[in-house]
Amino acid sequence: MSAFIDKVRITVKAGRGGDGAVAFHREKFVAAGGPDGGDGGNGGSIVLRVDDHMSTLMDFRYKRKYTAADGIKGEGGRRKGKAGENLIIKVPRGTVVRDAETNEIIKDMSDDEDFILAKGGRGGWGNHHFATPTRQVPRFAKAGLPGESHDVILELKLLADVGLVGFPNVGKSTLLSVTSNARPKIANYHFTTLFPNLGVIYVEEGVSFVMADIPGIIEGAAEGAGLGHDFLRHIDRCRLMIHVVDVSGSEDRDPVEDFEKINAELREYSPELAERPMIVAANKIDLLSPDSDSLERLRNYVTERGYEFYEISAATTAGTRDLMKVVAGKLAQLPPVIVYEPEYVKPLAEAGGVEELTIKQFDDVWSVSGPWMERLLGDVNFDDYESRMYFDRQLRKSGLFARLEEMGIQDGDTVSIYNWEFTYEK
């Protein structure tokens, strides 16, 4: 049996923007062609895409680092460098992307839209951008900016309408197999289901739903015991749960105790999940001994607590069709499958110390560069006033302006920071 991988940590890094070029137009009989260095190409982005042919995160088991291509450097003749190719990462539908440090949700990959997880860096400007009437021979260009990088957790939460819960070996896999197109492996021993199985239930023309057989939960699952903890997350999206209970006594267990133990695990894992609508299915009625009171005791217990109760035999299919019709009717009245809203807000980069910056003077132009400046620029939208004001505050906080004054900057000189420049005024 192939492994079911449903949670992985990966590192993604978008491509760096290509550097701008320093070049001058050279042509016979043209006396002063001027600067014509082209811009660097933008770096490639890391893009997530849903692939409905994938059912696990197995592809990420051995490959954990993903890097998109860098942009190409600009050339003379104002030729822009080629942009780095985006790296497409395919994930199963229902994959939730979390920030590895905060565990906050970045994106729920449950729709058909591609998602840019890490944006490529902007390409640097070529020297033709820096020509002015008084600066006709700019001998400098700008480096490209680095792409974004993230450590993220990919977590698969199955997109199922209905979840089958219950102790191991109570007949969940059999119920799924006789009511759907799923073909789970079935055997008469504990933990035969090592990973969730999904099946589509067709009730009638135009009426169908997806049902998931969740691996058997045992006591302590919410604390990580057994297999339950690894797979409880797959019930998170289910709108309705069918609690399958073995009433035959074939495992020498009490059905009422089993029912309460599973519910306790659900409450421990997620109080909200424990409040989801639930139907109780008493299974293996074909194996009941004539003198057993298990069925009646369970019926009285669950109906007193407001649950609907149905008798079935998954092995003989008795009652299974009627149960599926009831489920379809209830789903028609329930809200759609949960889609998780993003919680993650990228923290804005902050300025470091001025001593970490490289400052160079080209006539009346002061070129400023450095690692923290690159990160800061990646978070600034110069078309937005508030963003520009944040950038200005960070520059003042770093002591950059005081340092420039120490170095002799004059009013009217130009401060050039990558692809952004402004006129200095005290």
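The values are calculated or read from the model by the stated rules, or taken from the named source; none is laboratory data. Remember, it's a predicted structure, so these values are computed and weren't measured experimentally. In this analysis, Cβ positions are derived from the backbone assuming ideal geometry, glycine residues included, and neighbour counts consider all displayed protein chains. Protein only, heavy atoms only, side chains kept; ligands, DNA and RNA dropped before computing areas. Shrake-Rupley method; radii C 1.70, N 1.55, O 1.52, S 1.80 Å.
Residue count for region 171-197 under the criterion of being at pLDDT 50 or above and out of contact with any Pro (no Cβ under 9 Å at 6 or more places or on another chain): the result is 10.
Meeting the requirement of 3 or more residues that are more than 30 Å from Arg253 (Cβ to Cβ) and in contact with a strand residue (DSSP E or B) (Cβ under 9 Å, 6 or more places away or on another chain), the strands (runs of 3 or more DSSP E) wholly within region 93-183 are 95-99, 105-109, 115-118, 149-156.
Among the residues of region 380-387, are any touching a Leu at 6+ places or on another chain (Cβ under 8 Å) and of a type outside the set (Ser, Thr, Tyr)? No, every residue in region 380-387 fails to be touching a Leu at 6+ places or on another chain (Cβ under 8 Å) and of a type outside the set (Ser, Thr, Tyr). For the structure I just gave you, tell me whether Glu350 is touching a residue at least 40 places away in the same chain (Cβ under 8 Å), surrounded by fewer than 16 Cβ atoms within 10 Å (Cβ to Cβ), over 30 Å from Ala160 (Cβ atoms) and within 37 Å of the chain's Cα centre (by Cα). Answer is yes for this residue. Among the residues of region 10-55 satisfying the criterion of being crowded, with 17+ Cβ neighbours inside 10 Å and among the β-branched types (Val, Ile, Thr), which is modelled with the lowest pLDDT? Ranking the candidates gives Val22 first. Note on region 316-331: residues that are part of a loop (DSSP other than H, G, I, E, B), touching a helix residue (DSSP H, G or I) at 6+ places or on another chain (Cβ under 6 Å) and either aliphatic (A, V, I, L, M) or at positive phi (or both) amount to 1.
Residues of region 410-424 that are in contact with a strand residue (DSSP E or B) (Cβ under 8 Å, 6 or more places away or on another chain) and open to solvent by 30 Å² or more (accessible area, probe 1.4 Å): Gly412, Glu421, Phe422, Thr423. Being modelled with pLDDT of 85 or more and open to solvent by less than 10 Å² (accessible area, probe 1.4 Å) is not true of Val203. Looking for something of a type in the set (Val, Ile, Thr), under 30 Å from the mean Cα position of the chain (by Cα) and surrounded by fewer than 18 Cβ atoms within 10 Å (Cβ to Cβ) - is there at least one such residue anywhere in region 131-151? No, region 131-151 has no match at all. When Asn86 is tested against (1) within 30 Å of Ser55 (Cβ to Cβ); (2) in contact with a Gly (Cβ under 8 Å, 6 or more places away or on another chain); (3) open to solvent by less than 20 Å² (accessible area, probe 1.4 Å), just one condition goes unmet, and that condition is (3).
Which residues, counting only those in region 56-65, are surrounded by fewer than 19 Cβ atoms within 10 Å (Cβ to Cβ) and part of a loop (DSSP other than H, G, I, E, B)?
Thr56, Arg61, Tyr62, Lys63, Arg64 - these are the residues of region 56-65 that are surrounded by fewer than 19 Cβ atoms within 10 Å (Cβ to Cβ) and part of a loop (DSSP other than H, G, I, E, B).
Whether any residue in region 359-368 is in contact (Cβ under 8 Å) with a residue 12 or more places away in the chain, closer than 21 Å to Arg122 by Cα and surrounded by fewer than 16 Cβ atoms within 10 Å (Cβ to Cβ) is what I want to check. Within region 359-368 (the criterion being in contact (Cβ under 8 Å) with a residue 12 or more places away in the chain, closer than 21 Å to Arg122 by Cα and surrounded by fewer than 16 Cβ atoms within 10 Å (Cβ to Cβ)), the answer is no, since none of the residues qualifies. Residues of region 378-389 that are modelled with pLDDT of 90 or more and open to solvent by less than 40 Å² (accessible area, probe 1.4 Å): Ser387 alone. Considering each of Arg403, Arg375, Arg393 in turn, give the residue that is in contact with a Pro (Cβ under 9 Å, 6 or more places away or on another chain) and either assigned to a helix (DSSP H, G or I) or surrounded by fewer than 17 Cβ atoms within 10 Å (Cβ to Cβ) (or both). So the residue among Arg403, Arg375, Arg393 that is in contact with a Pro (Cβ under 9 Å, 6 or more places away or on another chain) and either assigned to a helix (DSSP H, G or I) or surrounded by fewer than 17 Cβ atoms within 10 Å (Cβ to Cβ) (or both) is Arg375. Within region 257-278, restricting attention to residues that are in a helix (DSSP H, G or I) and of a type in the set (Gly, Ala, Ser), the residue that is least open to solvent (accessible area, probe 1.4 Å) is Ala274. Scanning region 280-305 for residues that are open to solvent by 70 Å² or more (accessible area, probe 1.4 Å) and either closer than 19 Å to Val170 by Cα or in a loop (DSSP other than H, G, I, E, B) (or both) yields a count of 8. Residue by residue through region 306-328, note down the ones that are surrounded by fewer than 17 Cβ atoms within 10 Å (Cβ to Cβ), among the hydroxyl-bearing types (Ser, Thr, Tyr) and under 18 Å from Tyr202 (Cα atoms). Selection gives Thr317 alone. What are the residues in region 358-377 that are modelled with pLDDT of 90 or more and among the aliphatic types (A, V, I, L, M), if any? Those that are modelled with pLDDT of 90 or more and among the aliphatic types (A, V, I, L, M): Ile359, Val368, Met373, Leu376.
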